[in-house]
Amino acid sequence: MSSATRQTLVMVRANLLSLPRRLAISLSMGLAVALVVMVLTGFLSMAKGFEQALKGAGSPAVAVVLGGGTNQETGSDIPPDAIRAIEAKRDDLGVVRDAARNLVSSREIVVSVDVRPPGEEAGRTLALRGMDLSGPSLRDGITLSAGHMFGQGSREIVVGDRLAKEFPGFGVGDKVRLGAMVWTVSGHFTAGGSAFESEIWADLDAVRASFDRQGEVQTLRLRLESPTSITALKSALSAMTGTPLIAISEADLYAAQSGRTADLIRLFGWPLALLMAIGASAGALNTMMSSVADRTVEIATLRALGFGRLAAFVSTWIEAMLLSLFGAAIGIAASWAAFNGWQASTIGANNARMAFQLSVAGDVMLTGGLLGLAIGMVGGALPALAAARLPLTAALRARG
């Protein structure tokens, strides 16, 4: 171990042992950093949870065909002749067919419906998805947790577990008014906490008849032979004349939707956290300048014993970073206790309410820790320079 390293370690130890003399101001610095980190991790955990809910809903082995040149379900329209043309194509589409050589597919439409929870004056917008009977089986990880699936042509709905827990009126057997019609909740399903659990599912024909959408199809879901088969399907659709059709994997569709909203959440979180970080850095600078002033005699004595300026600089800088990391650890722990698993909701895909859980994941905690470290580095640099440039004569006068 070099002499400079040994000197630095000795001075770091001396700095930390003197902390009880400056306990109040050191704790205030740590708590300021903790508050900044907690705010940032709160926003990041919200964005992370939203992304996880939507990405968990998509499968790379399922293709979503959209019409009208849009890459969103809302605004998409696939004419009946386009669906017949896809079903009639016998060349290699890269999609799964059943024993009768029919496509394993589901025609679907999404309708926004207003539901007023019991005891609340304001209604909430939810997504009612009409689909063919094969629709649930095309989604990976779907399990019926109560009741039974909707029947063909019937005004029955199945509700995601998360939505059923949030709305008391969605128990199995309950009657719910959606639009002008009354529907019966026939069952609940679980989807591993993904965005699917924020949807209501029903028979396609029943939804179209109830909301005057006869003949309308927004999306066509197809089971791919493999995730790479999406390329063959895209080529086949591009060769078709008439309504422009595009194909996108279900995973990419939901990933794109999650990315936009998550970026918006981060857009609000980062500027606020950075503004607070500037204040915390100023607090760290004040704390460390007080630390240097309190240890003027100690630093001068060590310098007189042969300790170099570099050791004084690095030891003071390390002290600032350690205090900031301590505050960051408190902030991360508080964020995990307060936010992790907390239920939230926002306007998600199809302009409907989507519930999700905040997630204080590893990358969120790492980002919070790095922000805390950055505050210590910025706030501690000037005091460290002051410690390194401390005149020995001034220190000796202070001793007297």
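The values are calculated or read from the model by the stated rules, or taken from the named source; none is laboratory data. Just so it is clear, the model here is predicted, and its values are computed rather than measured. Ideal geometry is used to build each Cβ from the backbone, glycine not excepted, and the neighbour counts take in all protein chains shown. What goes into the accessible areas is simple: the full protein's heavy atoms, side chains included, and nothing from ligands, DNA or RNA. Shrake-Rupley method; radii C 1.70, N 1.55, O 1.52, S 1.80 Å.
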(request) Kindly list the number of the only condition in (1) out of contact with any Phe, Trp or Tyr (no Cβ under 8 Å at 6 or more places or on another chain); (2) open to solvent by 50 Å² or more (accessible area, probe 1.4 Å); (3) under 30 Å from T41 (Cα atoms) that fails for W270. (result) (1)
(message) Looking at (1) within 21 Å of the chain's Cα centre (by Cα); (2) part of a helix (DSSP H, G or I), which one does G341 not meet, given that it meets all the others?
(response) (2)
(request) Report yes if some residue within region 63-82 is under 19 Å from A232 (Cα atoms), acidic (D, E) and either surrounded by fewer than 22 Cβ atoms within 10 Å (Cβ to Cβ) or in contact (Cβ under 8 Å) with a residue 12 or more places away in the chain (or both); otherwise report no. (result) no
(request) Considering only region 219-336, give the helices (runs of 4 or more DSSP H) lying wholly within it that have at least 2 residues that are touching a strand residue (DSSP E or B) at 6+ places or on another chain (Cβ under 6 Å) and under 29 Å from K48 (Cβ atoms). (result) 250-294
(message) Every residue in region 197-209 that is crowded, with 20+ Cβ neighbours inside 10 Å, part of a helix (DSSP H, G or I) and among the small types (G, A, S), please.
(response) S198, A206
(request) Would you mind telling me which numbered condition in (1) of a type in the set (A, V, I, L, M); (2) over 24 Å from S198 (Cβ atoms); (3) modelled with pLDDT under 80; (4) crowded, with 17+ Cβ neighbours inside 10 Å A349 fails? (result) (2)
(request) State which residue pairs qualify: first residue within 14 Å of E319 (Cα to Cα) and open to solvent by 90 Å² or more (accessible area, probe 1.4 Å) and inside region 381-400, second residue modelled with pLDDT of 75 or more and part of a helix (DSSP H, G or I) in any location, beta carbons under 9 Å apart, and separation of 6 or more residues or different chains. (result) L382/L285; L382/M288; L382/M289
(request) Could you pull out the residue among M321, M240 that is more than 30 Å from A344 (Cβ to Cβ) and at pLDDT below 85? (result) M240
(message) Every residue in region 210-247 that is within 30 Å of W183 (Cβ to Cβ) and either of a type in the set (D, E) or surrounded by 17 or more Cβ atoms within 10 Å (Cβ to Cβ) (or both), please.
(response) S210, F211, D212, E216, V217, Q218, T219, L220, R221, L222, R223
(message) With modelled with pLDDT of 85 or more and more than 29 Å from the chain's Cα centre (by Cα) as the only criterion, which of L17, L23, L27 stands out?
(response) L27
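The rows are residues; the columns are (1) surrounded by 16 or more Cβ atoms within 10 Å (Cβ to Cβ); (2) basic (K, R); (3) touching a Gly at 6+ places or on another chain (Cβ under 9 Å).
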residue: S2; (1), (2), (3): no, no, no
residue: L16; (1), (2), (3): no, no, no
residue: P20; (1), (2), (3): no, no, no
residue: A24; (1), (2), (3): no, no, no
residue: M29; (1), (2), (3): yes, no, yes
residue: A32; (1), (2), (3): yes, no, yes
residue: S45; (1), (2), (3): yes, no, no
(message) So, in region 177-194, how many residues would count as being of a type in the set (A, V, I, L, M) and surrounded by fewer than 22 Cβ atoms within 10 Å (Cβ to Cβ)?
(response) 4
